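Novice: Structure in C-alpha cells, see below.
Just so you know, all these numbers are worked out from the coordinates, no wet-lab data involved. Please read all numbers here as calculations on a predicted model, not as lab measurements. Counting neighbours? That spans all protein chains shown, and the Cβs are built from the backbone with ideal geometry, glycine included.
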Amino acid sequence: MSQIEQLERRLERERRARKAAEAIAEEKTREIYETNVRLQQLNNQLEELVRQRTTELAAARDEAIRASQAKSDFLASMSHELRTPLNAIIGYSEILLEEAEDLVRPELRPDLEKIRGAGKHLLGLINDILDVSKIEAGKMDLFLENFDVAALLSDVSATVQPLIAKNSNVFEVHCDPDLGTAHSDQTKVRQILLNLLSNAAKFTKQGRIKLTARRPVRGDGGYLEFTVSDTGIGMTPTQVTGLFEAFSQADATITRNYGGTGLGLAITRHFCRMLGGDVTVTSEYGKGSTFTITIPGAFPKAAMEPHPSPPEECIAGTVLLLEDEYATRNALGQALTQEGYRIVAATSADDSLRLAREEKPDAIILDVINPELDGWTILRLLKTDLDVWDIPVILITALGDRDMGFALGAAEHLTKPINPKELLRLLARVKSAEAAPDVLIVDDDQATRDVLRRTLVKENWTVREAASGTEALQQLARATPAVMLLDLMMPGMDGFEVLRAVRQDATWRDIPVVIVTSKDLTTDELEWLRGHAMDVLQKGAYRRTELVAAVRAMVEAARSTSSRPVPT
Amino acid sequence: MKGIVFTEFLEMVENKFSPELTDTIIENAKLPSGGAYTAVGTYDHHELIKLVSCLSQETGISAAELTRSFGVYMFERFYVLFPKYFEGINSSFRFLELIHDYIHVEVRKLYPEAELPSFECDTSQPGRLRLTYRSTRPFAPLAEGLIRGCITHYKEAADIEIEDLSNGAGTAARFLITRRDRVP
C-alpha cells in the first residue's frame, strides 16, 4: 500500500466530508430561511391581532366612558330628584314648626322637629353618597377663592355649637389671631371641619371638644393647621386602621350604636388631599381622639390695615362698630365698607360713648356676647344719654338674650355667625322703612314654590309665581319684580336660559336673581352663575332665615343702587 | 451519533498512533460512510464500534480500554471546542450534575434529533456522587472515560466504582465516584 494511495484516499474522504458539510450547511440555511419566513408571517398575524384587539379595546373603553357618563348623568338627576322632595319635607316642617308656635300647640313641636331632623339627616346621607360617587368618578371639582379663615371658623363654630351642646359637651375654640386669608375651596374646608366636629360631638358625652387653628410658617405661603380633639370614646389601634376608607367605621358596633354611613371621614380625607393637604389621627381608647388637618394656605395673610374709607360723596352712612373680636370686626368692616358705609370702631365702653357723641353715627352695631366689652352696660348708657339715645342699635346677641336687648331699646339683633347681607338689610331698615317689594318665584316644583311663597309672605312681601321659564318671562313682562328666585332644572326653558334672557334685556338686566337649586353644580356652572346671579343657594343646604336674609338684602341692594340716600 | 465523535476519534488515532494506522482501520472497517465524516453530520454509531474494534485488532489494546481513553481525550477536546459550557463551574461534581439539566438541554436546542444518553445524579452523600448512565448504545466505557477526563480537568482525585447494569452490554452502568480529598 503506497503512501500516495493512502493520501489519495484521505483526500477523497476529506472532499466527501466537505461536500456533506456543504450540503448540511445549505439545508440548514434553507431551514433558517423558511423559519424566518414563518416567523415573519406569525409576526404579521400577531400585529393584525394586536390591531384588532386595540380596536376592540378602544370600543370597550368608549363604551365604558359612555356608561360612566350615563351613570354620572343618572347620579346628577337622582341628586336633583332626591333633594327636591326632601327640601319640601324640611321646608314644610319648618313652616309647621313656626305655625305650631303661633297656634300655641307646643305638643306638636317634638314630632315636627323629628320630621325636620330626619329630613336633614337623610339629606346629609344623600349628600355624602353623592360626594363619594363624585370623588370616585373623579368629578369632584375645586372652587378656589380667597376667604377669611377666622370668619369661616366662627361660622363653623356657630353651626356645630348646638350639636356639641346636645351631649352636654363643652366647646373650646383656640384660634391664632393672625390666621389671615386663605386661597382654597371654602366649602370643602368648611365641610372637612363640620365633619370632624360633628363626629367629635357624636362620640363624646359630657366631655370637652376643642377646635384649634394655627398658621405655622412653612415654605412659601404657609400652611393652615386645624385640630379637632375630643374626650370621647376614642379608638383602639385596630379601629384606627382603615378609618379613612370609604364605607368603613371603627367597627360594626359603632354603626349600630351611633349610625352614619361611614363616609364622612373618607370624604374628609379626599377633600384634604384634593386641597393639597392631609388629615391624621391619634386616638386612645376610652380617652378621646385628635384629628389634625393640614392644608396649604396658598396666600399670605391679609394685610391688617384699616378699612379704606369710601369717597365722601358716596357714603351710605356712618356706622359705629363696637366689636372687640378681630375676625368679626374685620369681616363686618369689609362688608359695610364695600356697601359705602363709613366705619368707626371702638373697643372699650369709654370709647363707645365718646365716639357715639362725636360721630353721631347712623347706626351702632354692638356685640354684647363678649363679656370683656360689657355690652349691656354700653347699651344702657347709650339709651339713657340724651345726645345719642335715638341712634338705632343693632345688637349682636346670643339667642336667649334677644328679648333683653329689645327691652333695653335695641332696634334689631343679630346672632353669630353674622351674615353681612342680613346686617346690611337691618342697617337699611333701621335707617328708613321701605315698601314691601315683589318677589318672583320661578320653580317647576309646586311644593318648592309653596314653601318659598309661604316663607316670603310671612315677611310681608308680595309674591308672584311662575312654574316654567316661559311663564317667568311672561311674568317679567307684566311687572318687574325687585327680586327673582330662580330654579335651574326645569323642563322646557331651564333656569340658565331664563337668566341669560334676563341679563340680555335692558329693562331686566339689573333684577337681582337668587338661584335656588338642588342641581349638583359643576365648577363652570357655579362660576357662570356667580357672574350672572346675586347668590346661589343649594336646596336643603341653606336655612330659611338665610334665604329670607338674602332676599331682603337683594331688595335693599337693588333700592340703594337706584336711590341711595346721601346723608346731609 | 453526532459526526464530531467520529472526527475527534479519528484525530485522536492520528495523533496518538499515526495517519497510516487511521487509514488502515478505516479501510478494514468497511464503513457505509467510507469514513468521510464531517463534525456537523450524523452517522450510525455502529461505525464507531467497528472503528474501535479494528483499532483494537491493530494495536492489541482492548476495545473497552480504547473507548475509555477516547472518553478522557474527548472531555479535554470539549473544553477546547465549547468553553461556554464550562463557565462558572469549578468542580467535577458540579459539571457532572449539570450534564442532564444544562448541557443536554443546550445540545437539544441545536440538534433536536440528537439521541442523548441519560445521566442521573444522586448527591445525597457529601463527597460522593452516584451517577447512573443509560443509553440505547453500548458506550458505558466512553461515559467512564468522560468522567475520568472531567475529574482530571478539574485537577481532582477520585475513586470510581463501576456497577454494570446491563449484563455486559455496556448500555447502562452506575458510577459511584468518591472524591479522595473530601473523604476523612
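Novice: Would you work out which of A:S289, A:T204, A:Y223 lies farthest towards the positive end of the dipole of region A:145-296? Charges go on Cβ: Lys and Arg +1, Asp and Glu -1.
Specialist: A:T204
Novice: Further question: Let a ≥ b ≥ c be the square roots of the eigenvalues of the Cα gyration tensor of region A:438-562; is it rounded (a/c under 1.5), or, if not, prolate (a/b larger than b/c) or oblate?
Specialist: It is rounded, given that a/c, with a ≥ b ≥ c, falls under 1.5.
Novice: Just how many % of Cα pairs in region A:1-137 lie over 17 Å apart, if you round to the nearest whole percent? Present the calculation step by step, with values, prior to reporting the outcome.
Specialist: Values: 7376 of 9316 pairs.
Of the Cα pairs, 79 percent sit more than 17 Å apart.
Novice: Lysines within cross-link reach of A:K360: Cα-Cα under 17 Å, excluding same-chain residues under 8 positions apart?
Specialist: The reachable lysines, counting only those whose Cα sits under 17 Å from A:K360, are A:K383, A:K431.
Novice: Return P(r) of region A:145-296 (all Cα-Cα pairs; 5 Å bins starting at 0; whole %; ordered from short to long distances).
Specialist: 2, 9, 19, 24, 21, 14, 8, 3, 0, 0
Novice: Shifting gears a bit: Mind jotting down the three principal axis lengths of region B:88-182 based on Cα atoms? Whole angstrom, largest first.
Specialist: Here the spans come out as 40, 36, 23 Å, largest first.
Novice: Follow-up. Please work out the ratio of the alpha-carbon Rg of region B:3-61 to 2.2 N^0.38 Å and round it to two decimals.
Specialist: Working it through for region B:3-61, the quotient is 1.01.
Novice: Hey, another quick one. Would you mind working out the magnitude of the charge dipole of region A:438-562 relative to its Cα centre, with +1 at each Lys and Arg C-beta and -1 at each Asp and Glu C-beta, to the nearest 20 Debye?
Specialist: Dipole size: approximately 460 debye.
Novice: Among the trypsin sites (Lys or Arg not before Pro) within region B:7-68, which fall in a DSSP loop and have no more than 11 other Cβ atoms within 10 Å of their own Cβ?
Specialist: On the way: sites: B:K16, B:K30, B:K50, B:R68; in loops: B:K30.
Hits after loop and neighbour filter: B:K30.
Novice: Let me ask another. Determine the distance separating the Cα centre of region A:171-245 from the Cα centre of region A:88-145; give it in Å without decimals.
Specialist: 24
Novice: Let me ask something else about it. Please check chain A for the longest run free of chymotrypsin sites (Phe, Trp or Tyr not before Pro) that are loop-located per DSSP (anything but H, G, I, E, B) and have at most 15 other Cβ atoms within 10 Å.
Specialist: Details: sites that count: A:F143, A:F247, A:Y285, A:W389.
After excluding every exposed loop site, the longest remaining stretch is A:390-568.
Novice: Under a point-charge model restricted to the Cβ atoms of Lys and Arg (+1) and Asp and Glu (-1), what is the dipole moment magnitude of region B:3-61 relative to its Cα centre, in debye to the nearest 20?
Specialist: Here region B:3-61 has a charge dipole of around 140 debye.
Novice: Under the rule of -39500 (n - 2.57) per DSSP H run of 4 or more residues, summed and divided by the residues of chain A, what mean residue ellipticity at 222 nm is obtained, to the nearest 500 deg cm²/dmol?
Specialist: Value at 222 nm, helices only, nearest 500: -18000 deg cm²/dmol.
Novice: Among residues other than B:T59 whose Cβ falls under 10 Å from its Cβ, what is the net charge (Lys/Arg +1, Asp/Glu -1)?
Specialist: The answer is -1.
Novice: Keeping to pairs on different chains or 8 or more places apart, tell me how many lysine pairs in chain B have Cα atoms under 21 Å apart.
Specialist: Going through chain B pair by pair, I get 8.
Novice: Then there's this: Along the charge dipole of the protein assembly as shown, Cβ charges K/R +1 and D/E -1, which of B:V52, A:M554, A:Q52 sits furthest on the positive end?
Specialist: The residue sitting farthest along the positive end of the dipole is B:V52.
Novice: Same structure again: To the nearest 20 debye, what is the magnitude of the charge dipole of the protein assembly as shown about its Cα centre, counting +1 on the Cβ of each Lys and Arg and -1 on the Cβ of each Asp and Glu?
Specialist: For this selection, approximately 1120 debye.
Novice: Evaluate the Kirkwood expression for the hydrodynamic radius of chain B, namely the inverse of the mean inverse distance over all pairs of different C-alpha atoms, and round to one decimal in Å.
Specialist: Values: mean 1/r = 0.0582 Å⁻¹.
Result for chain B stands at 17.2 Å.
Novice: Over the Cα atoms of chain A, compute the convex hull volume and normalise it per residue, giving Å³. Don't skip to the end; give the middle numbers.
Specialist: Details: hull volume 157.6 nm³, N = 568.
So the per-residue Cα hull volume is 277 Å³.
Novice: Working from Cα positions, state the angle (0 to 90°, nearest 10) between the long axis of helix A:3-102 and the longest principal axis of chain A.
Specialist: 20
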